[in-house]
Structures are given as structure tokens and as C-alpha cells.
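The values are calculated or read from the model by the stated rules, or taken from the named source; none is laboratory data. Just so it is clear, the model here is predicted, and its values are computed rather than measured. Heads up, the Cβs are rebuilt from the backbone with ideal geometry, glycines too, and the neighbour counts pull from every protein chain shown. When the accessible area is computed, the model is the full protein with side chains, heavy atoms only, and any ligands, DNA or RNA have been set aside. Shrake-Rupley method; radii C 1.70, N 1.55, O 1.52, S 1.80 Å.
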Amino acid sequence: MAFAAYCRDLYKRYDARKKAVDAVNGITLEVHEGECFGLLGPNGAGKTTTVEIFEGLLTQTSGHVEVLGRQWSGRDADEIRQRIGISLQDTKLNDKLTVLETLTLFRSFYRTGREPESTIDMVSLDEKANAFVGKLSGGQKQRLAVACALVGDPELLFLDEPTTGLDPQSRRELWDIIREQRDRARTTLITTHYMDEAQRLCDRVAVVDHGKVIALGSPDELIRQIGGEHVIEFDLIHSDGQGSVVGADLFQGLPSVNAARAEGGGYSLTVSEPHRALPALITLLQSRQLELGRLATRHVSLEDVFVTLTGRHLRDEEISSN
Amino acid sequence: MKKYHPIKELLLGRMRTFYREPEAIFWTYGFPLILTILLGIAFRNRPQEVIDVDIADGPAAAGIKSHLDDAGGFVAHVRPTAECTERLRLGKSAIVVERGDKLEYAFDPTRPDSALARARLDDVLQRALGRADAVATADREITEPGARYIDFLVPGLLGMNLMGGGLWGIGFVVTDMRVRNLLRRLVATPMRKPHFLLALIGGRLVFTIPELLFILGAGVFLFDVRVSGGWLAIVVIAFVGSVSFAGLGLLIASRAKRIETISGLMNLVMLPMWLFSGIFFSSEKFPDAFQPFIQALPLTQLNDALRSIILEGGTLADQAMRLLILMAWGGLSFLLALKWFRWT
Ligand SMILES: Nc1ncnc2c1ncn2[C@@H]1O[C@H](COP(=O)(O)OP(=O)(O)O)[C@@H](O)[C@H]1O
Ligand SMILES: [Mg+2]
């Protein structure tokens, strides 16, 4: 089986002034040809570092890396660059050039590729073709960065947080571009900290935390792994004298409940069969004379996978580290 | 021919970036032009030197003053001795004369104007007091174009600008691109690194042409500077000089990660050339011991070549050695820059 990108026992240590940071701490990944592979994890997990090692922009401290069956050295490096497309997490482009000029410049570096004009259409920047890069909005710049990645018509596309900061409309357009890439049997490696994005877009996902892969598989597989495809979330109204909190383990034994957790003043149950768990829950609450303040059921998401594995939320991390 | 050629696109990008940046245009073209014009006006027609003479008060003072006023070329005042000494010390007068038994001159021999004043003053007074010339003399004053200070200055200013343009126009631009992570994105593409560097240097050549036209044009049309040598030779020298300094700029900027670093390095490299390479006065005025060092500086060679062609009508062949030194600087710098260049 040929891998579009492959790494084994990848380590990357940054020697910062005060202390060394192990940004990537033993990652092994196999990205198959033609799939959309997602690296999902909170900020600081090591996604960008991993991707930039694949892109040849950073050198690993140790470990083996192959891109399109080649390693980053000498002549092979040029060959890899011809066949991959890159959108960096923070792509900087020349503010004084127009969108069309920028893409024509990037196009000139590749042996083969797309016409700059049609690439502009792909990312819906046609109205801005002659606008200066410096005058684009954040979302438009992000789309131009993706266009720069696409203009060489790459076999393997690296997108590092391509939808961060995009409005919902642009996000969906970008998803379409990535799906089209997959329809043409091209490979995409995308990083994101949006679980819904990973869930909708990716054939397979590696959940990364603290430089390690903590879960790997298709979104469905990952969700099944945590036992149960549904989540029941509810709050209780605490009338005085009733005792304010009940432990989450009270709900552990209910039929088809796989995990129970107290969360943000309420409770969250992972459940495989809601039609069995719900009546049992109601009965239990009635017998204890506990009153429901809110109840909702939803499908399990990758977010829940992350929470189950780490006890933390993807987003909380983002907010606290910003 | 490919539809999209990287060197062409890189060069176009460089030129567009330049002309869309009004400040860059001003500092490259406007400022040197203004400088040339101002210096040209300042040094165009220096009125004949007038010598400030203080005469120490005494019985003969009034007589000396009238002799000097008759001779012309002096501004003479009679003042108390103490005041005369003080004014000389402060440089307000060039010389003090006092008539006792002898004519006594007080002056600072290390000040050129003082030394000159001593000679002229003595000459005028001795004649007024009855000395006859042994042989009759006649003066012929030369203010022909070609021998004036402005003629000397214009090629020097041109050389200085070619240096500044090459060093800043390459070194600063490259460092700026590195600081803003533009280089990082480029190096992630299959762009060939020599293409990038060649386009930078090519851009520099293109920008040299207006620079040359503006400064020489100002000299020719405003100050009547006569270009004795061939224009083609001037252009060739300017190009070689430009490329040479572009290579040097690239080398200086090959690893700099901050704008402050590059500014400092740039000034460090330019300062000796500003001082020694004969922009405002001839480099030959420095002691012989300095000359090997001075002659090794690229700007010295560029300025000498420009002066030789513009003022003396020299040919390109006459500049062979100078061109060789310039090219050695440029070539060596470029090769080292290619070796050391850091993209991120
Ligand atoms: N150049 C660097 N020097 C030192 N530490 C770094 C550097 N780049 C990233 N890191 C650290 O490495 C870890 C992983 O960062 P990164 O790969 O950017 O994570 P992610 O893309 O998942 O947010 C973080 O702790 C970050 O602070
Ligand atoms: Mg990142």
C-alpha cells in the first residue's frame, strides 16, 4: 500500500531559551493516497509542527518521514515540492501584489498546474482578482493562501487550519474544494481544532494531544470506540433541603449508559440506546424526587471523543491559551 | 518559452512592489536628486574667499587697515589686543596682525585659511610698505566646467547612490521579506533559489537606470557638468557597480533576522566608504599608509572609474582593473550569500 505521506516515531524538540519543548513526541502516521486525513487537536498539540515537517519547512529531531514515497533530501526535495501544495497556518504574502499577480507568480514555480484565473474562481475570489493582497479581509487572505496551495494542481495538499477565522459561508466553500480534491483521488492532510469540520470532511482522523496521537480512525470508528453514539445532557433543579448535588455515578448503572459525567452544573451521559436509557432516567429522577431543568439528546461528536480521552474540551484549551 | 517564467514573474513582482511604494521611490530617487541639487547650489559659485583680519589696536593700526581696504579681499577691523586673541581662538577671524618693531602675525598654521591669510596679508602689506616684485606676475583664473568642485562632486554622489541603492535596495528588502515570513512561503514552493536572487539583482539593474539619469541629468542640465567620456561606458560602470553592491547587500542580509540588525550592519559597511572612498573630497588626501585599504574598497574603485570617464574622458579599457576589483567584490559576495543564505 502506497502512502501519500508517512512518518514513524516522529520527534521534534524546540530548544527554547528557558526549557526544551517536545512539540512532537513520537507520532506515527500513515496518510493513504486519495484520502482526506485530519489532524485534530487543541492549540499547542503539535499539529503545525508535524505538518511543517512533512512540508520540509522544519527538520525533525528524530524519526522517519516520507512524502509521496520520497525523503526530504537533495533532488528528491525539489520533486516533492513540485507535487505538493501548501497552505501555512499563517501564510504571509506580498501586500503590494494583486491576487492575480500573486497566483501567477506561484504558478510560475510549478512545471504543471492550474490557470491562475480558474484557481481564483475556485476559491471565489474572482471579484478580488485585481485587488491588492494588503487590502483583503482575513478570510479572503486565507482563501488566497489556499489558492496558492492549489495553483500547482498538487497530488498532496497540506492545509494547516485553513478555516480558522472564516465565516460559515467561506468555510463551506472550502470544504467543497477539499471534497473535490478527494473526488479526483488527490490526498489532503488538514489540521483543525473544529471537530465538526474533521467529522464532516475527513475519511480518517488522528486526535493529537501533547505531541502524541491519542486516537486514530474514521470519525465513526472513534465515536464507536467511546461506547455509545448518543449523549444525553441534562440539568437538575435543586430545590432547597433536597441536597444540592448528586454524584454522576448515580446514573452509571442505568440501562445502556456507558459513561456518566458531571459537567458544567449538569450531567452528560454517553448512551448506546436512548430509547432504553431515557425512560429509566426519568423513573430514577422521579423516585429521587429530582426535577429536570433541561434535557437534550444529541449524537456523539469527536469533541466527546476528545473529552472522554483527556477530560478536557478542545475549545476551552483554545480560549485559555489565547 | 513557458507561459509563466519564474524569473520574469519574480522580477515583475519586485518592480511592482517597488513602484507601488511611494516612500521607496522617494528615498531611491527623490532624496539623492534633492541632495545633488542642494550640494550643487551650495558649491556652484563660491565667491572669492574674503579673509577676516583683526588688527590689534596701536599707533599703526589705522594705517594697516587702510592698506588692506585698498587691496581688497580682506575684512579688517581694529580691536583691542585681548579681543583680537579671543576672536582668533574662536575662529571668528583668520589672523591677527600687530605692528610693533616688526609686523607680527598671530595665526594657527594647522588651519588652511589661517595659513593662506598669513601669506596673502604679508604680501599685501610688504608691497604697500614699498617692496617691489622681483619679476612681474600675471594671474589666470580657471573656472572652466570640468575643474570646478561640482564637477568633482557629481560622480561621487552618483557612486554613493549606487552603493546605497545596492545595499539598501537588496539587503533591506531581503531582510524585510524574511522578517515578514514571505521568504518562508516562497521556499516551500519549488522555486529555484538562484532564480529568486537573480531576479532581485536584475531588479536592481533596472532601478539603476533612472538613478543614473536623474543624478547625471541634474549635473548636466542644472550645473553645466560636461560629460567627456562615452555614455555607454558610464552605463556599463554603473551596472557593474550596482551589481557589485547588490551582491554585497545580499551577503550582509544573508542571515539577518531583524531590521535593526541589517540597519546596523549596513551602516557599518557603508561608513568606511562614505569616509574614505572619495565622495566629497579626493581619497588621495589620506596618508599613503591608508591607500591599500582605501583602494580595496569597492566604492573607491567605482568613484574613480566614474570620474575618469565623466571628467577625463577615460574609456572602458582604462577601467579594466577597477572593473575587475568591483566584479571580484560582487562575485565573491554573491557566492558566499548563496552559501549562507537563510530563508526563514
Ligand atoms: N519555534 C518554536 N520554538 C519553541 N516552541 C515552539 C515553536 N513552535 C511551536 N512551539 C511549541 O510547540 C508546541 C506545538 O506547537 P504547534 O505545532 O504549533 O501546535 P498546534 O499547531 O497544534 O497548535 C507548542 O507548545 C508550541 O508552543
Ligand atoms: Mg497550529
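Restricting attention to region A:205-221, the residues that are within 21 Å of A:SER272 (Cα to Cα) and assigned to a loop (DSSP other than H, G, I, E, B) total 1. Selection of region A:40-56 for residues being near ligand 1 (Cβ under 8 Å from one of its atoms) and either assigned to a helix (DSSP H, G or I) or within 14 Å of another protein chain (Cβ to nearest Cβ) (or both) yields A:LYS47, A:THR48, A:THR49, A:THR50, A:VAL51, A:GLU52.
Taking region A:1-26 as the range and being closer than 23 Å to A:ARG182 by Cα, touching a residue at least 60 places away in the same chain (Cβ under 8 Å) and open to solvent by 10 Å² or more (accessible area, probe 1.4 Å) as the test, the residues that pass are A:ALA2, A:PHE3, A:TYR6.
Residues in region A:1-36 that are more than 16 Å from ligand 2 (Cβ to nearest atom) and either aromatic (Phe, Trp, Tyr) or within 14 Å of chain B (Cβ to nearest Cβ) (or both): A:PHE3, A:TYR6, A:TYR11. Any residue that is within 16 Å of ligand 1 (Cβ to nearest atom), modelled with pLDDT of 90 or more and in contact with a helix residue (DSSP H, G or I) (Cβ under 9 Å, 6 or more places away or on another chain) - is there at least one of those in region A:138-154? Yes, region A:138-154 contains a residue that is within 16 Å of ligand 1 (Cβ to nearest atom), modelled with pLDDT of 90 or more and in contact with a helix residue (DSSP H, G or I) (Cβ under 9 Å, 6 or more places away or on another chain).
Among the residues of region A:174-193, just one is part of a loop (DSSP other than H, G, I, E, B) and touching a helix residue (DSSP H, G or I) at 6+ places or on another chain (Cβ under 8 Å), namely A:HIS193. Pick from B:ASP70, B:ASP108: which is within 26 Å of B:ARG131 (Cα to Cα) and touching a residue at least 24 places away in the same chain (Cβ under 8 Å)? From the options B:ASP70, B:ASP108, the qualifying one is B:ASP70. The set of residues in region A:27-39 being open to solvent by 30 Å² or more (accessible area, probe 1.4 Å) and either assigned to a strand (DSSP E or B) or within 9 Å of ligand 1 (Cβ to nearest atom) (or both) consists of A:THR28, A:GLU30, A:HIS32.
Taken together, the residues in region A:38-47 that are more than 12 Å from ligand 2 (Cβ to nearest atom) and either over 14 Å from A:TYR194 (Cα atoms) or of a type in the set (Asp, Glu) (or both) amount to 0. Looking at A:THR50, A:THR104, A:THR119, A:THR112, just one residue is under 15 Å from A:ASP153 (Cα atoms) and open to solvent by less than 10 Å² (accessible area, probe 1.4 Å), and that residue is A:THR119. State whether one or more residues within region B:157-179 are part of a helix (DSSP H, G or I), within 14 Å of chain A (Cβ to nearest Cβ), among the basic types (Lys, Arg) and open to solvent by 20 Å² or more (accessible area, probe 1.4 Å). No, because not a single residue in region B:157-179 is part of a helix (DSSP H, G or I), within 14 Å of chain A (Cβ to nearest Cβ), among the basic types (Lys, Arg) and open to solvent by 20 Å² or more (accessible area, probe 1.4 Å). The number of residues in region A:113-159 that are outside any helix (DSSP H, G or I) and under 12 Å from A:THR102 (Cα atoms) comes to 5. On inspection, B:PHE214 fails the criterion of being open to solvent by 30 Å² or more (accessible area, probe 1.4 Å) and either free of Cβ contacts under 8 Å to residues at least 60 places away in the same chain or among the aliphatic types (A, V, I, L, M) (or both). Residues that are open to solvent by 90 Å² or more (accessible area, probe 1.4 Å) number at least 1 in the following strands (runs of 3 or more DSSP E) confined to region B:1-118: B:95-99, B:103-106. Would you say B:LEU335 is of a type outside the set (Asp, Glu) and surrounded by fewer than 17 Cβ atoms within 10 Å (Cβ to Cβ)? For B:LEU335, the condition - of a type outside the set (Asp, Glu) and surrounded by fewer than 17 Cβ atoms within 10 Å (Cβ to Cβ) - is met. Of the residues examined, A:ALA16 is not one that is near ligand 1 (Cβ under 8 Å from one of its atoms) and touching a strand residue (DSSP E or B) at 6+ places or on another chain (Cβ under 8 Å). If the Cβ limit is 9 Å and pairs must be 6+ apart or interchain, which residue in region B:37-59 that is among the hydrophobic types (A, V, I, L, M, F, W, C) pairs with which residue that is assigned to a loop (DSSP other than H, G, I, E, B) and modelled with pLDDT of 85 or more? Filtered contacts from region B:37-59: B:LEU39/B:PHE280; B:ILE51/B:SER93; B:ILE51/B:ALA94; B:VAL53/B:SER93; B:VAL53/B:ALA94; B:ALA56/B:PRO80. Among the residues of region A:162-192, the ones that are open to solvent by 10 Å² or more (accessible area, probe 1.4 Å), within 16 Å of ligand 2 (Cβ to nearest atom) and within 28 Å of A:ARG224 (Cα to Cα) come to 1 in all. Once region A:58-100 is narrowed to residues that are surrounded by fewer than 20 Cβ atoms within 10 Å (Cβ to Cβ) and within 16 Å of ligand 2 (Cβ to nearest atom), the residue that is farthest from A:GLU161 (Cα to Cα) is A:LEU58.
Listed here are the residues, each with its yes/no results for (1) aromatic (Phe, Trp, Tyr); (2) surrounded by 14 or more Cβ atoms within 10 Å (Cβ to Cβ); (3) in a helix (DSSP H, G or I); (4) under 18 Å from the mean Cα position of the chain (by Cα).
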residue: B:LEU250; (1), (2), (3), (4): no, yes, yes, no
residue: B:SER254; (1), (2), (3), (4): no, yes, no, no
residue: B:LEU271; (1), (2), (3), (4): no, no, yes, yes
residue: B:TRP274; (1), (2), (3), (4): yes, yes, yes, yes
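Within the bounds of region A:123-132, is there any residue that is open to solvent by 30 Å² or more (accessible area, probe 1.4 Å), within 14 Å of another protein chain (Cβ to nearest Cβ), more than 16 Å from ligand 2 (Cβ to nearest atom) and basic (Lys, Arg)? Within region A:123-132, not a single residue is open to solvent by 30 Å² or more (accessible area, probe 1.4 Å), within 14 Å of another protein chain (Cβ to nearest Cβ), more than 16 Å from ligand 2 (Cβ to nearest atom) and basic (Lys, Arg). When region A:196-214 is examined, which residues are found to be surrounded by fewer than 23 Cβ atoms within 10 Å (Cβ to Cβ), touching a Leu at 6+ places or on another chain (Cβ under 9 Å) and under 14 Å from A:LYS47 (Cα atoms)? Scanning region A:196-214 gives A:ASP209, A:VAL213, A:ILE214.
Of the residues making up region A:63-94, those that are more than 9 Å from chain B (Cβ to nearest Cβ) and either closer than 19 Å to B:MET177 by Cβ or within 16 Å of ligand 1 (Cβ to nearest atom) (or both) are A:GLY63, A:VAL65, A:SER87, A:GLN89. Filtering region A:301-315 to residues that are under 13 Å from A:GLU229 (Cα atoms) and either part of a loop (DSSP other than H, G, I, E, B) or under 12 Å from the mean Cα position of the chain (by Cα) (or both) leaves A:SER301, A:LEU302, A:GLU303.
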